1. Of Ala92, Ala19, Ala62, which is the most mobile in a GNM of the chain whose springs link Cα atoms less than 10 angstrom apart?
2. Please arrange His74, His38 by counting, for each residue, the other beta carbons lying within 10 Å of its beta carbon, fewest first.
3. Calculated FRET efficiency, Ala92 and Ala63, Cβ-Cβ r, R0 25 Å, to nearest 0.05?
4. Going by how many other beta carbons lie within 10 Å of each one, how would you line up Thr128, Thr42, fewest first?
5. Less than 11 Å Cβ to Cβ from Phe119, Lys/Arg counted +1 and Asp/Glu -1: what total charge do the surrounding residues give?
6. Excluding Pro91 itself, calculate the net charge of residues whose Cβ lies under 13 Å from the Cβ of Pro91, where each Lys or Arg counts +1 and each Asp or Glu counts -1.
7. Listing Tyr94, Tyr68 from the residue with the fewest other Cβ atoms within 10 Å to the one with the most, what is the order?
8. By how many nm would the segment from Val25 to Asn113 grow when fully extended, if each residue of separation counts as 0.36 nm and the alpha-carbon distance is taken off?
Amino acid sequence: MLQSTLLATFAAVVPFVAAQRTFNVTEAFAPGNWKKYHCIDTDAVVALLPTCLAECNYEANAADGCAYDDIACHCINYNVYSPIIEKCALPAEYGGAGACTDADLGIARPIVNDLCNFFNATLYADYTGCPQELSPKLTTKLVFAEESIRLDV
Ligand SMILES: *[C@@H]1O[C@H](CO)[C@@H](O)[C@H](O)[C@H]1NC(C)=O
Ligand SMILES: *[C@@H]1O[C@H](CO)[C@@H](O)[C@H](O)[C@H]1NC(C)=O
C-alpha cells in the first residue's frame, strides 16, 4: 500500500519516459531518401540545417558516445543526444545557451524528424559500404532495450 502510493507519487512527479524507437516506414521509404541519406555524416547533416545549429551539432555528435559520423546511432541515442544539443542550441527562454531562433528551430525540426525517422526505420541498411566509423554495438544495445513503435501499420 505504502509502496504503491510512493510509486504513484513518483510516477506523477517524474513521468517514466521509456525510450521508444518510433518510425513510419512509409515516410522513411519516400522516394529519394535512400540516396539522400546514403553514407550521411556529420558535415552533411550540418549542411542540411540552419547554421545556428552547426557548432552544437559538432559538439553533440562528438559527445553522446556514438561514433562521430554515425547518424543512425545519434538518432537512436536520442535520450543522451537530445539534452546535449538542446542545452547548446536552444535560446535562454527555453533553458539553453544557444542562439537559434524559433524560426530556425521551426526549419530544423521537420528536417531532423525526417532524418531520424529514416534511421530509426532502417538502422544500418543505408550505411552498407560507407567509409565512416560506425557504432552498431551501441545502437543495437539501445534498440534491444526499448520498445519499437511502427506508426504506419
Ligand atoms: C527515434 O528513436 C528514438 C529512440 O530510439 C526516439 O527517442 C526518437 O524520438 C525517434 N525519432 C523519431 C524522429 O521518431
Ligand atoms: C506515416 O507517413 C505517411 C506518409 O507521410 C503519412 O501519410 C501517415 O499519416 C503517417 N502515419 C502516422 C501514423 O503518422
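1. Taking springs between Cα atoms under 10 Å, the residue moving most is Ala92.
2. Ranking His74, His38 by Cβ neighbours within 10 Å, fewest first, gives His38, His74.
3. 0.75
4. With the sparsest Cβ surroundings first, the list reads Thr128, Thr42.
5. -2
6. Net charge around Pro91: -3.
7. Placing the least packed residue first, the sequence is Tyr94, Tyr68.
8. 30.4 nm
Quick note: the coordinates plus some simple rules give every number you see, no bench work behind them. All values reported here derive from a predicted model rather than from experimental measurement. Quick reminder, even Gly has a Cβ in these numbers, built from the backbone with ideal geometry, and neighbours come from all protein chains shown.
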